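Laboratory data are not the source of any read-out in this text; all were calculated from the coordinates shown. Fair warning: this is a prediction, and the values are worked out from it, not measured in the lab. Every residue, glycine as well, gets a Cβ built from its backbone with ideal geometry; the counts of neighbours run over all protein chains shown.
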Amino acid sequence: PEAWDAWLGALGLPQKVSLFIQAVVLRSLPLLFSGLAVALSLRAGLWNLGSGGQLILGALAGAWAMRWPPFFSDGIGAVCTALTAGFLAGGLAGFLAGWLRGRRRIPEVLSTALCSLIVWMALGVPTFQSGKIAPGVGLGIACVVLLAVYVLLFQTLFGLELRTAELSPKVAYFLGIPVGSRQTLALAMGGAVAGLGGGVILLAGSAHQLTDAPVVLDCFAVAVALAGMSHPVGILFSSTFLGALWVAGDGFPGTGTGLVILLAGLLLLLSCPRRRGGGASNPSSAGRARALF
């Protein structure tokens, strides 16, 4: 944290501006990771409404893993352990939702939302504050994850298969794409990204910001993903925008948070995808084909 403060001070910014930037980064990190988790599922034609619970689960798993003595409790070992535990816990939660959808025909909307509530009611939120990495390091990890998601979606065959399944599952089946397994992997990867974000937030010492019910973070994550058009770069801007609004709302106790949630709800409504059933709202086949690339 001292290095982060020194870096901001080297820019010659006023102290209030530096504090505002740090607060925006800390508020934007959970929105960025959970928004990427939702975007991965949307690219597979699914809805992940439990990314907030997956993020909290990752933070809890990281906090639990960091209590192992002696190697995992300090230094780089603690950082790697917390990130790995969060990644695996969130991925397991996402995989469970995909498995329930594929084997038990339980809609992912229901399973992800209920898992999020179960995490909140049964486990709560982490009270252990780490602060082992500076907010700038957390932002750097988030940028690396964002780049990895971009490469996965737009530079690999797996990403092309996901986007094909999103636009037309029948065409995907005709082309021999295993749609079910690809969608399960998309949910698992999304959960892993959210869980990794929970580990980053824990290490950055901002887990106390996860005191709201996960349903609030879930709604914010969907708004971030839709406003960013399920694209990693768009999600970076939308999460930063909502994070800045959230920080500004914190300066008005009692009404600020409600106003931010209202604005996020309006953003969610305005960003809802158009209906695909007939009429002018149905995109042309050429437009659907261009969306693959």
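Of the listed peptides 93-100, 180-187, 117-124, what is their order by residue-averaged count of other C-beta atoms within 10 Å, with the highest listed first?
93-100, 180-187, 117-124
Can you order the peptides 56-66, 149-159 by their average number of other Cβ atoms within 10 Å per residue, highest first?
Peptide ranking by packing, descending: 56-66, 149-159.
On full extension of the chain, what length is gained from Gln15 through Ala148, given 0.36 nm per residue of separation minus the C-alpha to C-alpha distance?
Here the answer is 44.5 nm.
For the ranges 226-235, 82-91, 14-23, what's the packing order if you count other beta-carbon atoms within 10 Å of each residue, average per peptide, and put the highest first?
82-91, 226-235, 14-23
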